[in-house]
1. Of all the residues that make up the stretch 151-189, how many are of a type in the set (D, E, K, R) and over 22 Å from residue 208 (Cβ atoms)?
2. Do we have any residue at all in the stretch 202-223 that's of a type outside the set (A, V, I, L, M) and either on the phi > 0 side of the Ramachandran plot or in a helix (DSSP H, G or I) (or both)?
3. Which pairs turn up if I take residues in the stretch 252-273 that are more than 30 Å from residue 141 (Cα to Cα) and look for partners that are assigned to a strand (DSSP E or B) with beta carbon separation below 6 Å, at least 6 apart in sequence or on another chain?
4. Answer yes or no as to whether residue 248 is exposed (fewer than 15 other Cβ atoms within 10 Å of the Cβ), modelled with pLDDT of 95 or more and near the ligand (Cβ under 10 Å from one of its atoms).
5. So which pairs qualify, if the first residue must be in the stretch 33-57 and more than 14 Å from residue 7 (Cα to Cα), the second must be at pLDDT below 90 and of a type in the set (Val, Ile, Thr), the Cβ gap must be under 8 Å, and the two must be at least 6 apart or on different chains?
6. Residue 307 is checked against (1) within 16 Å of the ligand (Cβ to nearest atom); (2) outside any loop (DSSP other than H, G, I, E, B) and fails just one. What number does that condition carry?
7. May I ask you to list the residues in the stretch 251-273 that are in a strand (DSSP E or B), within 12 Å of the ligand (Cβ to nearest atom) and either farther than 22 Å from residue 152 by Cβ or not polar (S, T, N, Q) (or both)?
8. Quick one: which residue in 234, 174 is assigned by TED's automatic domain parsing to the domain that holds residue 308 and either part of a loop (DSSP other than H, G, I, E, B) or away from the ligand (no atom under 16 Å from the Cβ) (or both)?
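The values are calculated or read from the model by the stated rules, or taken from the named source; none is laboratory data. Small disclaimer: the values here were computed from a predicted structure and weren't measured. When we count neighbours, we look across all protein chains shown, and the Cβ atoms used for this are built from the backbone with ideal geometry, even at glycine.
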Amino acid sequence: MMDQLESVRKQFLADLESFPENSKEIEDFRSKYLGRKGSVASLFTLMGKATSEERPTLGKELNKLKQDLTRQFEERVSTYLVAHQKGEDDSIDLTLPGKTPRIGSLHILEQTLSEIKDIFKSIGFHVAYGPEVDDDYHNFSALNIPEHHPARDMQDTFFIDPTTVLRTHTSNVQIHLMEDEDPPIRYIVPGRVYRNEAIGYKSYCLFHQVEGIYINEKVSFAELKGCLEYFVRQMFGPKIKMRFRPSYFPFTEPSAEVDMWDEERQQWMEILGCGMVDPAVLENVGYDSKKWHGYAFGMGVERIAMLKYKINDIRLFYNGDIRFLEQFS
Ligand code: DAH
């Protein structure tokens, strides 16, 4: 009987020499010797055949064998695990500089928009938003641009259906605000607008505007000029060259545009339209145009960012080039 014990031990030690290489082989090895149906467990059946004199010694020897083999097996498993892990540890070179994770930042347009908002908030304007998909009435007719009026051609329009458009300007929100609230009101309205027009360095099919509207009992063109000059100086600094130029918009009378000197191209660039709100527009929203007066303006955010940050092509805002965007993070 003791011979049988010894031969299991020998076999076990021989197998242990070529100790398994992966976890599946380790498990097979364990169950072959130490499992419920393994060689050691089957040696315990010898107890039944032993005489009562043999039994105590046999029992002792069996337990000793089981403990021995278990201990040796576990030792080998832990050597195996350590060796395995060491392999992984070697692949980490702690002396290398770390990889800095990319951190996102606000898009340059978003930064420009918040600068614009902050300047107007500091002089008493509230911020409002309105629909990008709107009806013909709010985008055109209520602003004194009737159907078939040539002024509609000033803004090539994306139509959703014959009477619904992607707004061509933020001026539609002037109408919504005046419909919803009684005067006096003083708002700026930032938002996206869409134009179905030729794409170039300063024109894109979508862009951003900030609309402004101020309605009160006494409002003068001088106040409009003062307000916009203040804005431009805050945005670009005191030395910037700007000019007011008479212009035409159906919803303002008189109307003007503001140009800024583009140092890069050595020419004027238009950044906004403005004027005194036309009495017809006030009447359209039910305001008494004898009592209430106002001014309005609408500026192009991309063009302002282009001048301020010396960006020479409007398309750069929209192509998602990380190298461009990172310059402003
Ligand atoms: N909506 C005009 C445009 O997109 C800009 C504009 C001009 C807005 C005059 C105004 C305004 O509020 O008074 O070209």
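1. 6
2. Within the stretch 202-223, one or more residues are of a type outside the set (A, V, I, L, M) and either on the phi > 0 side of the Ramachandran plot or in a helix (DSSP H, G or I) (or both).
3. Close Cβ pairs (under 6 Å, with a partner that is assigned to a strand (DSSP E or B)) amount to 260/242; 260/269; 260/271; 262/269; 268/259.
4. Yes: the conditions hold for residue 248.
5. Partner pairs satisfying both residue conditions: 34/40.
6. (1)
7. Matches in the stretch 251-273: 253, 254, 256, 257, 258, 270, 271, 272, 273.
8. The match here is 234.
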